[in-house]
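Right, one structure below, let's go through it.
The values are calculated or read from the model by the stated rules, or taken from the named source; none is laboratory data. None of the values given here were measured: they were computed from a predicted structure. Heads up, the Cβs are rebuilt from the backbone with ideal geometry, glycines too, and the neighbour counts pull from every protein chain shown. Keep in mind that these areas ignore ligands, DNA and RNA; they rest on the heavy atoms of the full protein, side chains included. Shrake-Rupley method; radii C 1.70, N 1.55, O 1.52, S 1.80 Å.
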Amino acid sequence: MAKEKILVIGASGQIGVELTMALREIYGNSNVIASDLREQNELLRGTGPYVSLDVMNKEMLHVQVIRQGITQIYLLAAILSATGEKNPNLAWNLNMQGLLNVLDIAREEKLQKVYWPSSIAVFGPTSPKTNCPQHTIIEPTTVYGISKFAGEFWCNYYYNRFGVDVRSLRYPGLISYKSAPGGGTTDYSIEMFMQAKEEKQYQCFLQEDTYLPMMYMPDAIRATIELMETPSHNLSIRTSYNIHAMSFSPADLADEIKSHIPDFKISYQPDYRQAIANSWPQSINDSVARSDWGWKEQYSLKRMTNEMINQ
Ligand code: SER
């Protein structure tokens, strides 16, 4: 195997911390360079190299890629759905320009591979609500969803036109405890766990019967690494793959938490994020990911809750 040198952009975020640690296990600590605008996350401290980097500064990014001899980039820096609605221009600029900077550098420096996450947020109110297929009507209504959908087609374009081997997954809501999430609509689930443990009560910003596709972080990290390790000729999707693990509502999650914390109390006060959630599918058909590269989830709602409560 050729020696890889991997740059993770957005390494201090919810996905970045755990993905950086998983990549360091595989490729060796010194071969995975963590970078972020923010300070280095506590969990990463002492585990490998860190550089302070702004993905919007293309020249600085390019210099780092050359100086460090980077062969692969994982671009995780983004503004999520709920925060994006508060500042649409900022979300569009960061989510789009960040990706275009990375794709251009990957092309110029002939990088081996690039990873960039998309999301279930690409789907909109006209997409099928249940078992939403890989290829379907896609009319997103959030700026985050629009940026992810446009980004998927930029990835497809750079692959077909310039041969940049960029790969992508449409993540569902991701649940984790190691590093805090930031500004997502599905993050109610993480808040519910934290509040259940600390306060034994939680006021949810979505209605009790709002079903959304969700995934536990270890599954998401494994999916990402499995996709990146798949031989290129097995991949039929160069926009972004649907992946699915579980679908539940706030009431389902509250019931599951109550089986561990019987006196947990939940109340509901939906806000602007309800409209975002309503525009997304409740469950996803990921049969293409399953047949192309063997995707299969390991965590159900029950198993995930058990681990979240005991951490
Ligand atoms: N978890 C994301 C969000 O809620 C969806 O990709 O914004």
FRET E, pair S259, S52, Förster distance 51 Å, beta-carbon r, rounded to 0.05: 0.70
Heavy-atom accessible area order for K302, K5, largest first, 1.4 Å probe: K302, K5
Extension gain from E229 to E59, taking 0.36 nm per residue of separation minus the Cα-Cα distance: 58.3 nm
Theoretical gain in end-to-end length, L43 to Q298 [0.36 nm per residue, Cα-Cα removed]: 89.4 nm
For segment 92-175, alpha-carbon Rg over 2.2 N^0.38 Å: 1.14
For segment 159-311, Kirkwood radius (reciprocal of mean inverse C-alpha pair distance, Å): 16.6 Å
With Cα atoms, 0 to 90° folded angle of helix 58-67 axis to the chain main axis: 70 degrees
Helix-only mean residue ellipticity at 222 nm for the chain, each DSSP H run of n ≥ 4 adding -39500 (n - 2.57), per residue, nearest 500: -12500 deg cm²/dmol
For segment 149-158, Karplus couplings with θ = phi - 60° (6.51, -1.76, 1.60), whole Hz, Gly/Pro x: 5, 4, x, 4, 6, 5, 4, 4, 5, 5
Spatially proximal lysines relative to K258 (Cα-Cα < 25 Å; intrachain offsets below 8 disregarded): K178, K197, K200, K302
For the chain, accessible area per residue (1.4 Å probe, heavy atoms of protein chains only), Å²: 42 Å²
Where Cα atoms sit under 21 Å apart: lysine pairs in segment 49-164 separated by 8 or more or lying on different chains: 6
D_trans [Stokes-Einstein, Kirkwood Rh over alpha-carbon pairs] for segment 29-176, 20 °C, 1.002 mPa s, µm² s⁻¹: 130 µm²/s
Within straight-line cross-link reach of K5, aspartates and glutamates at Cα separation under 16 Å, skipping those fewer than 8 residues along the same chain: E25, E109, D165, E229
Accessible carbon and sulfur surface of the chain relative to its total accessible area, %, 1.4 Å: 49 percent
Heavy atoms of S127 accessible to a 1.4 Å probe, total area in Å² rounded to 10: 10 Å²
Heavy atoms of E85 accessible to a 1.4 Å probe, total area in Å² rounded to 10: 70 Å²
Rg(Cα)/(2.2 N^0.38 Å) for segment 174-261, N = residue count: 1.30
Distance cut-off 18 Å, percentage of C-alpha pairs in segment 251-311 lying past it: 59 percent
In nm, spacing of pseudo-spin labels at A180 and N278 (7 Å Cα→C-beta vector): 3.0 nm
On Cα atoms only, tilt of 14-27 relative to the major axis of the chain in degrees: 50 degrees
Computed Kirkwood radius, in angstrom, where 1/r is averaged over Cα pairs of the chain: 19.7 Å
Angle between the chain longest axis and helix 188-198 axis [Cα atoms, degrees, rounded to 10]: 60 degrees
